[in-house]
Amino acid sequence: MTGLLATKAFAPDIPTLAEEALWQELELTPKPGLVDTLNTGSHHDMDHAMFARSIQAIAPWFARFTELGSTHAGKPADQQLRLLRPMGMACEQAMYAATDGVNTHKGGIFALGLLCFVAGRVKNITAENLCDEVSLLCRGLVARELAGRSGQATAGERQYRQYGLTGARGEAESGFTTVRRALNAWNGQSLHGLLLQLMAINQDSNLVSRGGTQGLRYVQGYARTLLAQGWDHNALLEMDRALITRNLSPGGSADLLSVGWILSEIAGGR
C-alpha cells in the first residue's frame, strides 16, 4: 500500500475514530444528494437530527466490536463473521430504535463494525493491516451470500444477478479496494475531494436502486467532471440540486467516506 496509506504501526483508538468518522460524514456540507446541515438531500424520511440520534445510539457498540475481536483473536478467520453477526444485528436494532425504523447507518455499521472488530485481532494496527484482515474475514462472502443463494432475492442479490454488482460485501471482501484507490488519488485536503473521488469510481448500489445503472453513470460522470475541471462550494451546491432533482443519493459512497477518513487518520498518525 502506498501514498496516504503508508504508515508505521502504532495503536490508534479505532472505536473513537469510527464515531468521529460518522460525525465528520454527517457534518460535511454541502453533500450532493445526501443529508447534511443544509437539507435532507434526496431523502424524505430522514434529516440531520435523525442521523445525530442514530450516531449516538450506535457509537457505544464500536468498542464492543473491538473487544469481541480481541476476545476471539485466536480463532480461525472463517469463524469470525458468525461471532460478529449477532452483535452487528443488535447494533442495527439500536439504530432502528433511535430512528423509528429508518435505515440511517446500516452500511456504516457493517463497514465500521468490521474495522473495529479486526482492530481487536491484529497486533499492529495500520491501515494496511486492517484492510487485509477485513478481506481475510470476508473471504467468500460474495459467493455465499450473493451468488450462492436461491429463493426470494434481496436487492443486493438482484443487483448482483443483473449487473454483477457486489455492493458492501464485495467492498469488504476486497479489503476496501475502492476506498484505497480513492485515497491514493486524493490530495489529502478537503473531505469533499475524497467524497468526489469515491463517487467517481464507486459502484454505488444505492444509486442503482434509485436510478438504475444510468443513475450510477450519471453521478460517476458528474464527479469525474468536477475532479477534472475543478470545483468549489457553488459547484457542489449545483450538483446537490441536480441529484435531488433526479432522486439520486450516493449513500454507499457516504459509508465509504467514513472508512476513508479513518484510514487516512491512521496513516496520519492519529
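Observations on the structure shown:
- Within the stretch 202-236, the set of residues being of a type in the set (S, T, N, Q) and more than 19 Å from residue 161 (Cβ to Cβ) comprises 202, 220, 225, 229, 234.
- Residue match in the stretch 97-111 (condition: within 18 Å of residue 133 (Cα to Cα), open to solvent by 20 Å² or more (accessible area, probe 1.4 Å) and not in a helix (DSSP H, G or I)): no
- Taken as a whole, the structure places residue 63 among residues that are in contact with a helix residue (DSSP H, G or I) (Cβ under 7 Å, 6 or more places away or on another chain), aliphatic (A, V, I, L, M) and under 19 Å from residue 15 (Cβ atoms).
- Those residues of the stretch 45-59 which are open to solvent by 60 Å² or more (accessible area, probe 1.4 Å) and in contact with a helix residue (DSSP H, G or I) (Cβ under 8 Å, 6 or more places away or on another chain), in sequence order: 53, 56
- Condition check for residue 36: of a type in the set (Asp, Glu) and open to solvent by less than 30 Å² (accessible area, probe 1.4 Å): yes
- Single condition residue 162 does not satisfy, out of (1) assigned to a helix (DSSP H, G or I); (2) in contact (Cβ under 8 Å) with a residue 40 or more places away in the chain; (3) open to solvent by 10 Å² or more (accessible area, probe 1.4 Å): (2)
- The stretch 172-198, residues that are under 22 Å from residue 42 (Cβ atoms) and touching a residue at least 60 places away in the same chain (Cβ under 8 Å): 178, 182, 191, 192, 194, 195, 198
The values are calculated or read from the model by the stated rules, or taken from the named source; none is laboratory data. This is a predicted model, so every value here is computed, not measured. Because the Cβ atoms are built from the backbone with ideal geometry, glycine has one as well, and the counts that use them run over all protein chains shown. Heavy atoms of the whole protein, side chains included, go into the accessibility calculation; ligands, DNA and RNA do not. Shrake-Rupley method; radii C 1.70, N 1.55, O 1.52, S 1.80 Å.
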